[in-house]
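The values are calculated or read from the model by the stated rules, or taken from the named source; none is laboratory data. Here the structure is a predicted model, which is why all the values come from computation and not from measurement. Cβ placement follows ideal geometry from the backbone for every residue including glycine, while neighbour counts extend to all protein chains displayed.
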Ligand SMILES: Cc1cc2nc3c(=O)[nH]c(=O)nc-3n(C[C@H](O)[C@H](O)[C@H](O)COP(=O)(O)OP(=O)(O)OC[C@H]3O[C@@H](n4cnc5c(N)ncnc54)[C@H](O)[C@@H]3O)c2cc1C
């Protein structure tokens, strides 16, 4: 068993950290959040320096990196700005991984080079008003019409729809015995007539945020289908595993940033004539935060390794998502307490970690659902 990163992986992280220190410093992230402005400059800088090619195949201009390389990248971006990591992960998952796994040669040739260059952004439309945790109960319908399809329905919480070029949209094309049957995925051009996007005001994730999307007689060509007609659920499942790795790596990075801020504060803020970190009540909080972060990081890289060996299970993905999400939430909460009244002030970054981290135990499958999956894996 080897817990060390390779020299190349260490270098990868160092290069990325130095670029992000430049293009995505803390005050930039704070401004994007406060102004509700997507971090476009940082996104483009990552593209310009070739980071979107990290896990794309060599024949499409990428470097064919591993799941561990991907986790390193998202952890480091998350450490600088979680929402930037979310944006990158969405494009790499729904425009990169999904197209690599299920795209036709034409779709790969048309889309992957533009993912690499940062020309295209992608988002994911699965959740509907009446189907959240029970995601496969979706009702947005794609009906065959001429040589294409017509889409009607409503999605909610499609994050980044307003800044994306394509949405990987999960639709129902027929009714099978099970709700997981009859599902087809489309790569829908977000600017097509009949699509209406409304921004949703949220507690956190305010730089890019999320949207409600209405599809009214949206005509798409048959070439927009990604993967097999009526058999799309298996693909959705595989995206969700990939998503869990990306989200968990990014959130572990963000939790690390919250921890580092709180640690620094505890060493410098004085009360009763000494740094507050010297009070056991504060020191123990920081010790607990460090332990949770160590475990989170080990779970991220263990899962990345399992994925690269083709050995990851549904239960492993749930353990990862549950623990890293709960850790981010707990670390931000403890961090806010360590900052006292200043943790509650918008001028300080802890409130952003606190707000953003609340989504970590809801989005991409709630903690309750992850526990259900783990329990099922135990035969319960
Ligand atoms: C900011 C934000 C961004 C998001 N981004 C996206 C996105 O880009 N694309 C997308 O498709 N979706 C996205 N989502 C949707 C997200 O994945 C769902 O919100 C989540 O899966 C939960 O669904 P729900 O909100 O409908 O809650 P519900 O499913 O209604 O759940 C409500 C409560 O009941 C609990 N519950 C439900 N079923 C069970 C059960 N069987 N056992 C125990 N407890 C249960 C839940 O855990 C939760 O506590 C986003 C959500 C938010 C808030």
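Test residue 165 against the criterion of being under 19 Å from the mean Cα position of the chain (by Cα), surrounded by fewer than 21 Cβ atoms within 10 Å (Cβ to Cβ) and more than 12 Å from the ligand (Cβ to nearest atom), and give yes or no.
In short, yes.
Within region 149-156, identify whether any single residue is over 14 Å from residue 216 (Cβ atoms), within 10 Å of the ligand (Cβ to nearest atom) and surrounded by 14 or more Cβ atoms within 10 Å (Cβ to Cβ), and answer yes or no.
yes
Residue by residue through region 176-209, note down the ones that are part of a strand (DSSP E or B) and surrounded by fewer than 22 Cβ atoms within 10 Å (Cβ to Cβ).
If the condition is that a residue be part of a strand (DSSP E or B) and surrounded by fewer than 22 Cβ atoms within 10 Å (Cβ to Cβ), then 189, 195, 196, 197, 198, 199, 200 are the ones that fit.
Filtering region 257-275 down to residues that are part of a helix (DSSP H, G or I) and touching a strand residue (DSSP E or B) at 6+ places or on another chain (Cβ under 7 Å), which residue is nearest to residue 186 (Cα to Cα)?
Going through the qualifying residues, I end up with 266.
So residue 173 passes all but one of these: (1) farther than 19 Å from residue 243 by Cα; (2) surrounded by fewer than 17 Cβ atoms within 10 Å (Cβ to Cβ). Which condition number does it fail?
The number of the failed condition is (2).
Which of the residues spanning region 89-107 are farther than 13 Å from residue 242 by Cβ and either in contact with a helix residue (DSSP H, G or I) (Cβ under 6 Å, 6 or more places away or on another chain) or surrounded by 17 or more Cβ atoms within 10 Å (Cβ to Cβ) (or both)?
If we filter region 89-107 for residues that are farther than 13 Å from residue 242 by Cβ, which is where we start, we get 103-107.
Of everything in region 89-107, those that are farther than 13 Å from residue 242 by Cβ and either in contact with a helix residue (DSSP H, G or I) (Cβ under 6 Å, 6 or more places away or on another chain) or surrounded by 17 or more Cβ atoms within 10 Å (Cβ to Cβ) (or both) turn out to be 103, 107.
Among the numbered criteria (1) modelled with pLDDT of 95 or more; (2) more than 20 Å from the chain's Cα centre (by Cα); (3) more than 30 Å from residue 228 (Cβ to Cβ), which single criterion is violated by residue 103?
(3)
This table checks each residue for (1) over 30 Å from residue 151 (Cα atoms); (2) out of contact with any strand residue (DSSP E or B) (no Cβ under 7 Å at 6 or more places or on another chain); (3) surrounded by fewer than 21 Cβ atoms within 10 Å (Cβ to Cβ).
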site	(1), (2), (3)
217	no, no, yes
221	no, no, yes
231	no, yes, yes
235	no, no, yes
238	no, yes, yes
247	no, yes, no
255	yes, yes, no
